[in-house]
Amino acid sequence: MSGQTSDGVEMKRESTLTLNRTAEMTEEEALRYSILFDFDQSNTVATYEKFLTDVVSPRIDDNSKVIIHGHTDIIGSEEYNMTLSKQRASETARILSNAVKSSGKNSVRFETDAFGMDTNKAPFENKLPEERFYNRTVVIDIEKAK
């Protein structure tokens with residue numbers, strides 16, 4: 001690896017990397033997706049609604065558990081961001097629930113949780129604008145039925 005320090009000094013480092021192949025999984029036990037939201041918005045953009053309906057919901061089997069976590073960046077009050085993250089999680093659950101029910105799956109369990117601006121639960125740091133952008137998200141975990 002080579003690079004440059006903030007002082008302009010060229011650096012070069014070499015190391016050895018060993019890769020070990022593990023047995024391939026034959027069955028998916030869980031899936032994870034995430035969708036992003038615009039700043040200060042709880043409604044998904046149309047593209048993500050289509051993604052949830054057309055891509056994510058078909059991967060949800062009947063009797064599965066879907067866990068949805070809402071997040072925000074650190075801009076705004078803690079109370080406001082907690083409410084916003086709850087709205088994001090609920091909106092996502094609503095879209096997915098409607099999609100799986102319309103496909104005849106009536107035994108899917110949904111669990112929503114909101115973390116607001118909790119930096120211990122945030123997917124990314126909150127120092128840079130790019131990191132804050134990616135924290136305006138909902139994370140969707142699908143636990144397959146056993």
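Look at Ser85 and say whether it is over 20 Å from Leu31 (Cβ atoms) and modelled with pLDDT of 95 or more.
So Ser85 passes the test.
Can you confirm whether Val56 is in contact with a Phe, Trp or Tyr (Cβ under 6 Å, 6 or more places away or on another chain) and either at pLDDT 95 or above or under 27 Å from Gly116 (Cα atoms) (or both)?
For Val56, the condition - in contact with a Phe, Trp or Tyr (Cβ under 6 Å, 6 or more places away or on another chain) and either at pLDDT 95 or above or under 27 Å from Gly116 (Cα atoms) (or both) - is met.
Looking at segment 26-47, can you tell me whether even one residue there is modelled with pLDDT under 75 and closer than 30 Å to Ser77 by Cα?
Checked against the condition, which is being modelled with pLDDT under 75 and closer than 30 Å to Ser77 by Cα, segment 26-47 yields at least one hit.
Which number in (1) surrounded by 10 or more Cβ atoms within 10 Å (Cβ to Cβ); (2) touching an Asp or Glu at 6+ places or on another chain (Cβ under 9 Å); (3) modelled with pLDDT under 90 marks the one condition that Ile68 misses?
(3)
List the pairs whose first member sits in segment 47-60 and is surrounded by fewer than 20 Cβ atoms within 10 Å (Cβ to Cβ) and hydrophobic (A, V, I, L, M, F, W, C), whose second member is outside any loop (DSSP other than H, G, I, E, B) and at pLDDT below 95, and whose Cβ atoms are under 7 Å apart, counting only residues at least 6 apart or on separate chains?
Taking only residues 6 or more apart or on different chains, the pairs are Phe51/Ile35.
Considering only segment 90-106, I want to know if a residue exists there that is within 15 Å of Ser42 (Cβ to Cβ), under 12 Å from the mean Cα position of the chain (by Cα) and in contact (Cβ under 8 Å) with a residue 12 or more places away in the chain.
Yes, segment 90-106 contains a residue that is within 15 Å of Ser42 (Cβ to Cβ), under 12 Å from the mean Cα position of the chain (by Cα) and in contact (Cβ under 8 Å) with a residue 12 or more places away in the chain.
Tell me which residues, restricted to segment 91-108, are out of contact with any Pro (no Cβ under 9 Å at 6 or more places or on another chain) and farther than 23 Å from Leu36 by Cβ.
Lys101, Ser102, Gly104, Lys105, Asn106, Ser107, Val108
Can you tell me which residue in segment 62-90 is farthest from Phe37 (Cα to Cα), limited to those that are in contact with a helix residue (DSSP H, G or I) (Cβ under 9 Å, 6 or more places away or on another chain) and of a type in the set (Asp, Glu)?
By that ranking, first place goes to Asp62.
Filter segment 132-146 down to the residues that are in contact (Cβ under 8 Å) with a residue 24 or more places away in the chain and either of a type in the set (Asp, Glu) or not in a helix (DSSP H, G or I) (or both) and list them by number.
Arg136, Thr137, Val138, Val139, Ile140, Asp141, Ile142, Glu143, Lys144, Ala145
The values are calculated or read from the model by the stated rules, or taken from the named source; none is laboratory data. Quick caveat, the model's predicted, so the values are computed rather than measured. Cβ atoms come from the backbone with ideal geometry, glycine included; neighbour counts cover every protein chain shown.
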